[in-house]
Number of protein chains: 4
Amino acid sequence: MIIQLQQGLPDNLKENILKQVKAIGYKVTEVKTQEGDYLVAIGKKDFDIRSIGQLPGVADIHRVSDEYKLISRKWRVAPTQIDLCDGVVIGEGQFSIMAGPCSIESERQIELVVEHLKANQVKIMRGGVFKPRSSPYAFRGMGLDGLKMFHELCNENGIKIITEVMQVSQIEDMLPYVDVFQVGARNSQNFNLLDALGEAQKPVLLKRGISGTLEELLQAAEYIFSNGNEKIILCERGIRSYENAYRNVLDLNAVPVLKAKTHLPVIVDPSHGIGLRDYVEDMSLAAVMAGADGVIYETHQKPEEAFSDGQQTVNFQESERLIKRMRLAYELRTSF
Amino acid sequence: MIIQLQQGLPDNLKENILKQVKAIGYKVTEVKTQEGDYLVAIGKKDFDIRSIGQLPGVADIHRVSDEYKLISRKWRVAPTQIDLCDGVVIGEGQFSIMAGPCSIESERQIELVVEHLKANQVKIMRGGVFKPRSSPYAFRGMGLDGLKMFHELCNENGIKIITEVMQVSQIEDMLPYVDVFQVGARNSQNFNLLDALGEAQKPVLLKRGISGTLEELLQAAEYIFSNGNEKIILCERGIRSYENAYRNVLDLNAVPVLKAKTHLPVIVDPSHGIGLRDYVEDMSLAAVMAGADGVIYETHQKPEEAFSDGQQTVNFQESERLIKRMRLAYELRTSF
Amino acid sequence: MIIQLQQGLPDNLKENILKQVKAIGYKVTEVKTQEGDYLVAIGKKDFDIRSIGQLPGVADIHRVSDEYKLISRKWRVAPTQIDLCDGVVIGEGQFSIMAGPCSIESERQIELVVEHLKANQVKIMRGGVFKPRSSPYAFRGMGLDGLKMFHELCNENGIKIITEVMQVSQIEDMLPYVDVFQVGARNSQNFNLLDALGEAQKPVLLKRGISGTLEELLQAAEYIFSNGNEKIILCERGIRSYENAYRNVLDLNAVPVLKAKTHLPVIVDPSHGIGLRDYVEDMSLAAVMAGADGVIYETHQKPEEAFSDGQQTVNFQESERLIKRMRLAYELRTSF
Amino acid sequence: MIIQLQQGLPDNLKENILKQVKAIGYKVTEVKTQEGDYLVAIGKKDFDIRSIGQLPGVADIHRVSDEYKLISRKWRVAPTQIDLCDGVVIGEGQFSIMAGPCSIESERQIELVVEHLKANQVKIMRGGVFKPRSSPYAFRGMGLDGLKMFHELCNENGIKIITEVMQVSQIEDMLPYVDVFQVGARNSQNFNLLDALGEAQKPVLLKRGISGTLEELLQAAEYIFSNGNEKIILCERGIRSYENAYRNVLDLNAVPVLKAKTHLPVIVDPSHGIGLRDYVEDMSLAAVMAGADGVIYETHQKPEEAFSDGQQTVNFQESERLIKRMRLAYELRTSF
C-alpha cells in the first residue's frame, strides 16, 4: 500500500498517519524524494483503505499487489519523465539515443565521438571510465581523471554523460561530472550501491542482471526509489543462455512487459544484447518497434582498435545510418 | 564440399565424379531434389578443388566449412523462394503472414477465420489438427477429418494451409490436403520425420527446438534438404529460459543471424514467443524490423473460448490492426 | 482420479462404473496394462469419491492432484519393480548397472564388452544401433543387423540389452531383440513414439529432454503407462545450460525429487551428464548417494577409437574401478 | 606466466627482474600475499622462460595458459590448506562442515545452534547479519551488533564464524569478529569488494554467481589472490535454470572440474542448491561423493519460524543425522 502525503505536511499529522497504519499491523517505510513524500506500508490484514485515506494529510492512497510498489504502474499510471536539463528528457514519448565507446580512451577519441554525435543531433554520450572486467589483469578504465576530461568535452558541446558507477565510494567523486549513473549487469543486485544511488540526486540507468528476472530488476529499481530517487531508467541488455551463436540473447519480450508493469522508461542495449557488430542495427530497429523509449549502443571511430568490446561496436558511418533508421522507425511506431 | 551436377547427367559421368571424389578419401552423399542434383562430400584432406571442378558433368563446386552444407549461404547466396502456387510465394523480398487458430475446432470456426483472412488479404492459414500435448489426457486435435474440412474450406477461398505433422505415418494421408507441413519445436530433432519430409514434395516449416541452438536448427534443415526437399522455412518461436514473466523468450537475435547463415526464409512466431496476447503485436512488429520474412501467429474469433493457447491468441480486431501495422513496418524496412 | 478395477471384471459392471463417473461430468480414459485395469477420470467437480468407490467392481479409488496420474506416488506408494527375467530386476532396492559403448560397432567390440561385463557381474549392456545425430552426414548406427548380432552375443552370455528406438516403425522389428527400449532426450516428447511404446510389451527407459522439466518427463511417462505399459524407467542425463565447461549439467536434484513424485525407478547417465571421461566416476558416485536406482554409462575397449562419444567414455580398467566403488557407495547408502 | 620471488628479496634484484620481463613486452602485476611474493606477467610473445628463470631472486617460474593464473592448479599442484587456528583447517584432505541459520536472529538462537554444533563436533557456524534481499522492504539482518553477539558466543565455545560481507565499507568493522568472510552469489562479480577482500587478512568463501560460469568464479578468486590474499574457498551453490521444481540446480559437475582446475578448496551449499529441506541430505551426500572438501548448510531450531529460508533449513535432528552420514560417506570416499 502506498500512501502519498501532502507536500509540506506538519510532523504531527504525519505521525498520526504513521500511528494509525502501524496500529493495523502494517510495517511502514517512509520515503522522501525530490518529487514527493510517501509511506510504503506492507502487511497482510484486510481493511477498508478509506479509513486511512480520509486522514488529514493523505493526498492519495493505493493498494499495490506487486512486490515492488513505488515503481508500479498500478499506482502511478503516467510515465516518468526524466529531465537532464537543456531540453534533454528521457521517458515515454521521447526516443533517447545514447551512443559512444565502451571505454573512454583518450581526449582525441572523445572529441571524435562528440563531433559524430553533434552531427547527428544525439544528446547523450556513453563511455566507461570504471570498467568491470572478468580478469583482474585487464584494462580497468581511465578512472576519475578520464571522467573529468569526458565531462569537460561533453559539457562544452551540450552533450550529456552516462557512465558506469561500480561502488558506493565512487559516487561522491563522480557526482559533479555525471548526468546519468549507469549500474551494470553485474551490480544489478548490489543492494548497497542501489541504496546509495537512492540518496544521490542524479538519474540512474539500471541494467538487468546477467540472468536477472524482470521481477528482480523491478525490485532493484524499488531500492533506488524507496531510498529517495525517482529518476530511474531500466535497461534490457540481453540475458545469458545456452546459445553460443551470440554473446547474449536480447530479450525484447522484456520491453512491452516492463512498460506495462512500471511507469519508468525502458531502453535497450543492442550492443551487449547480441554482441555482434553486423546485427546491432537489426536489433536496434527491433527494439524501437517493441516499444523501447531509447537505445544505448557502442560506437567508436575505429572499432577494430577499441580497448574493449570492439567486436560489438559500430563505426560512425554505421552509427549514422542506424540513427536515421531508428528515428524513422520510431516515427512510424508513434503514428500507430 | 558441394558438387552441383549438370542436369540430366549420364550415369557414367556421375559415377566417374563419385569415383574421383572417393579416391581422395571423401565420404559422399548423393542428393537429388526437384531443383537439382548434388554431391555432398565430407572429408579432411586438403586438395585443389579444381581437379574435381573440371570433371565433365560438374556444374559448380564449393567448399563449405559449416557443418551444414546445402542450406548454407556460403554456397548459395540467392535467397530461396518457395512457391505455393496461385501467386503465394514465401522468401526474402516477400512478407508472408500466416494466421489462424492453435487448433482446428469446427467448420464454423474455419469459415470465420477464412473470412477474416480474406478481408485482410492474408493468403496462408495455420491451424493444428494433430496436437502435441504434454498430457496424454488433453485434447489432441480433430485429426485427418478435421484436416479435410480445413482444406476444403480454404481451397474454395484461395487460402493455403500450414499444419503440423507429428509422425512419419501421417505424411502420406496429409499430403493432398496440406500446402506447408509444420514441424513443431518438440520434433525439431526427430530425424526420421525430417528424413521422411525430405522425400515428400511439399514445403516444410521447421520450428526451432524448445532449447534448440541455431546450429541444430540448421542441421535439421540440412536433413530435409539432403533427403531431397529444398523447400524449407525456418521459424524462431521462442526459447526456454529461467524467466517466468512470459512463456518463452522470443530470440529475435536469431533472425538476422540465421538470415546471414542460410539462404532459407526465416519467419517468426510471436504467439509462442511471448505467450501473452497483449504483447503479440509489439513482438510481431519487432520481428519485422529484425528482418523476418514473415510472421505466423494465432488468431481466433473468441480467444477466451479457444480449445488451446487462448491466452496467447488475438481476436480478429487485434489481428486486423496487427496485419496493417506489420505491412507498414515491412514497407519501411524495405525502404532502407 | 484413478479407479482401479477388479481383475476380470464383467463388461456390464465396468459399463456401469463408466456411466456413473461420466454422469458426474468427468472425462474417462480406460487403461489396460499387463498388471491391471484402470479408469483415469479427469474433472473438476467435487464429490464424495466413496459414491464411486462402493460400486461393484471397484478395487480401489484415489484422487491424484498431479497432472500425471498413474505414475504418481500419491496413488501407488510401493516402488515399481521391473523384471527382465533371469533374476535381473530394476527398481528401488536394487542397484542396476547398465554399461557399454555409445554405438555398436562390430562383433569383436561386443564380445570384448560382454566379457568385461561378465567379469564384473554386470547384467545389462547398453549400445546404440540407431543413432540420432545432429548432422545427416554422420554415422547413424549399424541398424537392425547390428541389433541382431548384439542380441545373439548378449543372449548367449546372459546379458540383457538396452538400446535406443527412434521411431514407431522400428518397434516391431526390434521387439524380439531388445530387453529395454531406450527413448533418447530428443524424443522425450515424441508423443506418437511414447504411445506406441505403451502398446509394446517391453520395458522403456525414458530420458529427460535436453531442457525437459521434471513435469514433462513425468507426463511423458504417463503417456506410456496410460497406453498400456507400466514398465517404465526414468533417466536423468544432464540438462542444457549456459556453462561451457562441460557438455551438460547433470541435475542430481532430479533424483530425490523424482523418487518422491513417482513410484517408477530413476537412474542416472553420468556420461552424457558431464560429457568428460575423467569425471564420470565422481558423478556416478554422487548419483548413487543422491538415491539413484542405477547408473547407465559408456565404456569401450578403446575410447579414443570409439565411433561416437569417445570423449565421455571410460575404458575397461576405469569401468571396473567404477563398478566396485559404486557398489560400495550403494552399500553404504542402503545402510542408512 | 607466474614468477615466484625469493623471500625477502632486495629491491634492486626485484627491479631487475621487472625490467627484464617488461623488456620482453609483458605487462606485470606485482602480488604480495602473507605467503609469498609473485609477479604475474601477461603477454603473447614466445620466449625461453629460462632466460627469466635464471635471474637472481627468482624462486620459480611457470607458464599458465589459463586466464586465471595464481589460483591455477597448473601452477600450484598442492592443495591450499586454510588454517582458521585451534586446529580448524579447510582444504583437501579435511571435510569441513559449516552449519547454522540463514539469519542470526537472537542470542537464544545462537546459543541453541552452538550447543547443537558442539554436540556434533562441528567447528564452523554460518549465520547472516547483513542479508542481501530482493525487496527493500524485507528483513535485512541484525547488522554489526548481531555479529558481535554471534562472535562472543561462538568464541567462548571454540566455534569459528563464517558470515556474509556485502560491501567494502563493512570489512573493517567486521574484521575482528569474523573467521571467514562469505561473498554471496549476487556479489560474485563485485570486483571492488573482491579487491578489498584481497587486502583483508582473513579467509574468503566465494560463492558462484547465480548464473556464473566456472571461469568467472575462478577469475573472481584471482582478483582476491592477486590483491594479496591466498586464503580463498570456492562454493558451488546451485545455478539458475528453467526448472521450477526446485529453487536452483545444484551443479555437482562443478566440484570435480573445479578441483582439477584450481588448488583452492571447493565446498558445496546444498541448502541453496536445491532449496527444499527434504532433499538437503541427499544432495549433501552426493556432494561428498562428488569430491567436495566440505558442505555449508542451513539449520535452525525451528525451521518453520526462521526469519528467512525456512523452507530449505533442516532442524537439529535432521542436521545430526546428516552430519553422521556425511562423515561416513567422506570416510568411504577417502578409502578409495
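Here are some notes:
- Taking the stretch D:252-283 as the range and being more than 17 Å from D:Arg186 (Cα to Cα) and assigned to a loop (DSSP other than H, G, I, E, B) as the test, the residues that pass are D:Leu252, D:Asn253, D:His263, D:Leu264, D:Pro265, D:Leu276.
- The set of residues from the stretch C:101-125 being more than 18 Å from C:Arg327 (Cβ to Cβ) and touching a residue at least 12 places away in the same chain (Cβ under 8 Å) comprises C:Pro101, C:Cys102, C:Ser103, C:Ile104, C:Glu105, C:Glu107, C:Gln109, C:Ile110, C:Glu111, C:Leu112, C:Val113, C:Val114.
- Residues in the stretch A:145-172 that are more than 14 Å from every other protein chain (Cβ to nearest Cβ) and surrounded by fewer than 16 Cβ atoms within 10 Å (Cβ to Cβ): A:Asp145, A:Glu152, A:Asn155, A:Glu156, A:Asn157, A:Gly158.
- Residue tally, condition facing chain B (nearest Cβ under 7 Å) and in a helix (DSSP H, G or I), over the stretch C:206-229: 5
- Among residues of the stretch B:152-208, those that are aromatic (Phe, Trp, Tyr) and out of contact with any Leu (no Cβ under 9 Å at 6 or more places or on another chain), counted: 1
- Residue count, the stretch D:70-85 (criterion: in contact with a helix residue (DSSP H, G or I) (Cβ under 9 Å, 6 or more places away or on another chain) and open to solvent by 20 Å² or more (accessible area, probe 1.4 Å)): 3
- The listed residue being outside the structural domain of D:Ser226 (by TED's automatic domain parsing), within 33 Å of the chain's Cα centre (by Cα) and surrounded by 13 or more Cβ atoms within 10 Å (Cβ to Cβ), out of D:Ile24, D:Ile49: D:Ile49
- Being in contact with a helix residue (DSSP H, G or I) (Cβ under 8 Å, 6 or more places away or on another chain) and either buried (at least 24 other Cβ atoms within 10 Å of the Cβ) or within 19 Å of C:Val89 (Cα to Cα) (or both) holds for only one residue in C:Gly228, C:Gly198, C:Gly238, and it is C:Gly238.
- Of the residues making up the stretch B:216-229, those that are out of contact with any Leu (no Cβ under 8 Å at 6 or more places or on another chain) and over 20 Å from D:Tyr242 (Cβ atoms) number 2.
- Residues within the stretch C:34-63 that are outside any strand (DSSP E or B) and in contact with a Leu (Cβ under 7 Å, 6 or more places away or on another chain), tallied: 2
- Yes/no for C:Glu107 being modelled with pLDDT of 95 or more, acidic (Asp, Glu) and over 22 Å from C:Glu236 (Cα atoms): yes
Yes or no, residue by residue, for (1) assigned to a helix (DSSP H, G or I); (2) more than 20 Å from C:Val183 (Cα to Cα); (3) open to solvent by less than 10 Å² (accessible area, probe 1.4 Å):
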| residue | (1), (2), (3) |
| --- | --- |
| C:Gly87 | no, yes, no |
| C:Ala99 | no, no, yes |
| C:Ile110 | yes, yes, yes |
| C:Glu115 | yes, yes, no |
| C:Lys118 | yes, yes, no |
| C:Gln121 | no, yes, no |
| C:Met125 | no, no, yes |
| C:Lys131 | no, no, no |
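- A residue that is hydroxyl-bearing (Ser, Thr, Tyr), under 20 Å from the mean Cα position of the chain (by Cα) and at negative phi occurs somewhere in the stretch D:91-100.
- Residue match in the stretch B:270-285 (condition: facing chain A (nearest Cβ under 8 Å), in contact with a strand residue (DSSP E or B) (Cβ under 6 Å, 6 or more places away or on another chain) and either under 25 Å from A:Tyr330 (Cβ atoms) or open to solvent by 10 Å² or more (accessible area, probe 1.4 Å) (or both)): no
- Yes/no for B:Arg247 being open to solvent by 10 Å² or more (accessible area, probe 1.4 Å), within 8 Å of another protein chain (Cβ to nearest Cβ), closer than 21 Å to C:Thr213 by Cα and in contact (Cβ under 8 Å) with a residue 24 or more places away in the chain: no
- Residues in the stretch A:185-203 that are facing another protein chain (nearest Cβ under 7 Å) and touching a residue at least 24 places away in the same chain (Cβ under 8 Å): A:Arg186, A:Asn187, A:Gln189, A:Phe191, A:Asn192.
- The stretch C:309-336, subset open to solvent by less than 10 Å² (accessible area, probe 1.4 Å) and more than 14 Å from C:Ile97 (Cβ to Cβ), residue farthest from the other protein chains (Cβ to nearest Cβ): C:Thr313
- Residue check, A:Ile233 away from every other protein chain (no Cβ under 12 Å) and open to solvent by less than 10 Å² (accessible area, probe 1.4 Å): yes
- Unmet requirement for D:Ser65, which otherwise passes all of (1) within 18 Å of D:Pro256 (Cα to Cα); (2) among the hydroxyl-bearing types (Ser, Thr, Tyr); (3) within 14 Å of another protein chain (Cβ to nearest Cβ): (1)
- Any hit, the stretch B:172-185, residues being modelled with pLDDT of 95 or more and in contact with an Asp or Glu (Cβ under 6 Å, 6 or more places away or on another chain): yes
- Search result, residues across the stretch A:257-266 that are more than 13 Å from A:Ile82 (Cα to Cα) and open to solvent by less than 10 Å² (accessible area, probe 1.4 Å): A:Val257, A:Leu258, A:Thr262
The values are calculated or read from the model by the stated rules, or taken from the named source; none is laboratory data. A quick note: this is a predicted structure, and the numbers were derived from the prediction, not measured. With ideal geometry, Cβ positions are generated from the backbone for all residues, glycine too; neighbour counts draw on all protein chains shown. Ligands, DNA and RNA are stripped out before the accessible areas are found, and what is left, the full protein with its side chains, is counted by its heavy atoms. Shrake-Rupley method; radii C 1.70, N 1.55, O 1.52, S 1.80 Å.
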